[in-house]
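This report concerns only the one structure given below.
The values are calculated or read from the model by the stated rules, or taken from the named source; none is laboratory data. Because the structure is a prediction, the values reported are computed rather than measured. Using ideal geometry, Cβ is built from the backbone for each residue, glycine included, and neighbour counts are taken over all protein chains shown. The accessibility values were calculated without ligands, DNA or RNA, using every heavy atom of the protein model including side chains. Shrake-Rupley method; radii C 1.70, N 1.55, O 1.52, S 1.80 Å.
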Amino acid sequence: LYDRMEVIKVEGYTAEEKLQILEQYLYPNAIKSNSLTDHTDKFTITNDAKEVLIRDYCREAGVRSLERSINRILEKIAVKVVQEESFTEVNTENLTDFAG
């Protein structure tokens, strides 16, 4: 039976596709799940940080680790919002503090 099966190679997402998935789907859902919809003016994640997150932290073909990473970052931001800290910017310099 195995000799009659065809092997189909499925490529993973490119970095550009992952960035689009992050911006259009994962990021808005993570904001909702971390109860940050009313506090989006108190934080920002730079595009450079998103690109580094995709390139260096989420190398798998899919987007599951990217979803976990963005949730981890937003959980830490939510703690800062609850503690009423000032505006938080996640950039390439402090990404390791948020993404782990």
Scan segment 3-18 and tell me whether some residue there is assigned to a helix (DSSP H, G or I) and hydrophobic (A, V, I, L, M, F, W, C). yes
Segment 56-88 - residue that is out of contact with any helix residue (DSSP H, G or I) (no Cβ under 7 Å at 6 or more places or on another chain), open to solvent by 70 Å² or more (accessible area, probe 1.4 Å) and not acidic (Asp, Glu) and, of those, nearest to Asn29 (Cα to Cα): Arg68
Can you tell me which residue is surrounded by the most Cβ atoms within 10 Å (Cβ to Cβ) among those in segment 89-100 that are β-branched (Val, Ile, Thr) and touching a residue at least 12 places away in the same chain (Cβ under 8 Å)? Val90
Which condition from (1) in contact with an Asp or Glu (Cβ under 6 Å, 6 or more places away or on another chain); (2) under 26 Å from Val10 (Cα atoms) is the one that Thr92 breaks? (2)
Check Asn94 against each of (1) closer than 21 Å to Gln20 by Cβ; (2) more than 13 Å from the chain's Cα centre (by Cα); (3) not aliphatic (A, V, I, L, M) and name the one condition it does not meet. (1)
Hey, could you check segment 10-55 for residues that are surrounded by fewer than 18 Cβ atoms within 10 Å (Cβ to Cβ), charged (D, E, K, R) and more than 16 Å from Leu74 (Cβ to Cβ) and say which is farthest from the chain's Cα centre (by Cα)? Glu11
Across (1) assigned to a loop (DSSP other than H, G, I, E, B); (2) closer than 18 Å to Val90 by Cβ, Ile70 clears everything bar (1)
Just to be sure I understand, how many residues within segment 30-46 are in contact (Cβ under 8 Å) with a residue 24 or more places away in the chain and either more than 25 Å from Glu93 (Cβ to Cβ) or touching an Asp or Glu at 6+ places or on another chain (Cβ under 9 Å) (or both)? 9
